[in-house]
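The values are calculated or read from the model by the stated rules, or taken from the named source; none is laboratory data. Here the structure is a predicted model, which is why all the values come from computation and not from measurement. Cβ coordinates were reconstructed from backbone atoms using ideal geometry, including for glycine residues, and neighbour counts include every protein chain displayed. With ligands, DNA and RNA removed, areas are computed over all heavy atoms of the protein, side chains included. Shrake-Rupley method; radii C 1.70, N 1.55, O 1.52, S 1.80 Å.
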Amino acid sequence: MKPYDYLIVGSGLYGATFAHLALKQGKRCLVIDKRSHLGGNIYCEKIEGINVHKYGAHIFHTSNKQVWDFVNSIVEFNRYTNSPIANYKGKLYNLPFNMNTFYQMWGVTTPTEAVAKIEEQKAEVVAKMKAEDITAPRNLEEQALMLIGHDIYERLIKGYTEKQWGRKCTELPAFIINRLPVRMVFDNNYFNDKYQGIPIGGYNKLTEGLLAGIETKTNVDFFNDREYWENIAEKIVFTGKIDEYFDYCFGKLEYRTVRFEEEIHNMPNYQGNAVVNYTEREIPYTRIIEHKHFEMFGQEIYNCSKTVISKEFSTEWKDGMEPYYPVNNEKNNTLYARYKELAENKKNIIFGGRLAEYKYYDMAPIIEKVLNISPIDDFNPR
Ligand code: UDP
């Protein structure tokens, strides 16, 4: 008999949730992670008493009550609501696009006026597409113009999107912008989900709770002694890069990555909000995150005399960098499909999560996915 039922490679949300549920079912689990800490990209480091999201801002949101109840059974969540501000050439606008934004953009004060203004803004592109006999938007630019019109596209979408993806809006798929709500009410809540918040005490509490009672090893790279790790457990849950698992035999999958420049400021409140997007092309970073606002509210902000901010720079991924966003274009999706086929023929290995499934996942859908594997033993990775 092997020493473990499951070896879980990677301690991010997929691996940690899986281990948690497997332990509950009496399985013997070992979790290994090549980083020096657990938690994958939700990991936070305490700096000046503030939980700093080391791998980018994470805001938990879901409409799934089962997922919400599950995470709250591990750690209580606070009432943080994401309401990013856009800064375009020094002028501020509320996001997502709602009555506040329309007022700031055009001075309109009622939904009727806002609708009329958007229709007027859209008219040009609608006429152009009609003349060219185009029925559906062919790229992000056309989609944005049809959705919200010229002014908002130029000021709040174009520069930000081109910085984030490193490609022109005319070369990007329309669907990227679909996740941005357009609302005819004065509501700055970025997400439409029923539940949202940040774990009280920070995301490491969630990781610690999920992995309580489970054997873990950090600074351990599966690929440094692959044979040893492959024989240590009956089954493996692999959450790393799927192409690396198969020795890049068909070639490398591409990613976008993010680089963070962290600054500590000698003031309690730098920008008055957790997230400020810089939507003009000329400013090299896409947004500034002020971490304390995720967990400190009201007087708490001033009880902590310093603040930590991160400027976020989006770049093309190269070897040795952290892979963040899968680039789900045709070329990469085709490549991934070939790896997936290999994965499906592997018995006793589950490939799960953002890197192993080459899919952009928010946190809640990852948890939902693992919760739906039940009982763990019957799990079929296909
Ligand atoms: N977006 C934009 N302006 C903004 C914020 C978002 O144009 O101020 C667009 C952009 O195309 C981006 C997409 O909306 O790629 C999704 O942005 P979001 O910030 O939700 O993505 P995240 O990187 O946080 O998952």
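Quick rundown of the values:
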read-out: Helices (runs of 4 or more DSSP H) lying entirely in the stretch 115-231 (those with 2 or more residues that are of a type outside the set (Lys, Arg) and within 16 Å of the ligand (Cβ to nearest atom)); value: 140-148, 158-165
read-out: Output for the stretch 49-84, where each listed residue is in contact with a Cys (Cβ under 8 Å, 6 or more places away or on another chain) and either polar (S, T, N, Q) or surrounded by 15 or more Cβ atoms within 10 Å (Cβ to Cβ) (or both); value: 50, 51, 52, 53, 54
read-out: Residues satisfying the stated conditions in the stretch 128-162, i.e. farther than 22 Å from residue 331 by Cβ, open to solvent by less than 40 Å² (accessible area, probe 1.4 Å) and touching a Pro at 6+ places or on another chain (Cβ under 9 Å); value: 129, 144, 145
read-out: Enumerated strands (runs of 3 or more DSSP E) restricted to the stretch 1-95, each holding at least 1 residues that are β-branched (Val, Ile, Thr); value: 4-9, 29-32, 44-47, 50-53, 60-62, 85-88
read-out: Residue match in the stretch 237-249 (condition: in a strand (DSSP E or B), in contact with a helix residue (DSSP H, G or I) (Cβ under 7 Å, 6 or more places away or on another chain) and within 25 Å of residue 3 (Cα to Cα)); value: yes
read-out: Residues satisfying the stated conditions in the stretch 297-315, i.e. free of Cβ contacts under 8 Å to residues at least 40 places away in the same chain and among the β-branched types (Val, Ile, Thr); value: 301
read-out: Inter-residue pairs, beta-carbon under 7 Å, first closer than 14 Å to residue 124 by Cβ and among the hydroxyl-bearing types (Ser, Thr, Tyr) and in the stretch 146-161, second assigned to a helix (DSSP H, G or I) and more than 10 Å from the ligand (Cβ to nearest atom), 6+ apart; value: 153/145
read-out: The lone exception for residue 306 - which of (1) of a type outside the set (Val, Ile, Thr); (2) farther than 20 Å from residue 202 by Cβ; (3) in contact with a Pro (Cβ under 8 Å, 6 or more places away or on another chain) it fails; value: (2)
read-out: Residue list for the stretch 88-104, filter: open to solvent by 60 Å² or more (accessible area, probe 1.4 Å) and within 14 Å of the ligand (Cβ to nearest atom); value: 89, 91, 92
read-out: Which listed residue is polar (S, T, N, Q) and in contact with a helix residue (DSSP H, G or I) (Cβ under 6 Å, 6 or more places away or on another chain), from 101, 81, 62, 112; value: 62
read-out: Only one of 245, 228 that is hydroxyl-bearing (Ser, Thr, Tyr) and open to solvent by 30 Å² or more (accessible area, probe 1.4 Å); value: 228
read-out: The stretch 1-41, subset surrounded by 23 or more Cβ atoms within 10 Å (Cβ to Cβ) and β-branched (Val, Ile, Thr), residue nearest to residue 199 (Cα to Cα); value: 17
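Rundown of residues vs (1) within 30 Å of residue 30 (Cα to Cα); (2) out of contact with any strand residue (DSSP E or B) (no Cβ under 6 Å at 6 or more places or on another chain); (3) within 16 Å of the ligand (Cβ to nearest atom), yes/no style:
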residue	(1), (2), (3)
244	yes, yes, no
252	yes, yes, no
257	yes, no, yes
269	no, yes, no
281	no, yes, yes
285	no, no, yes
290	no, no, yes
302	no, yes, no
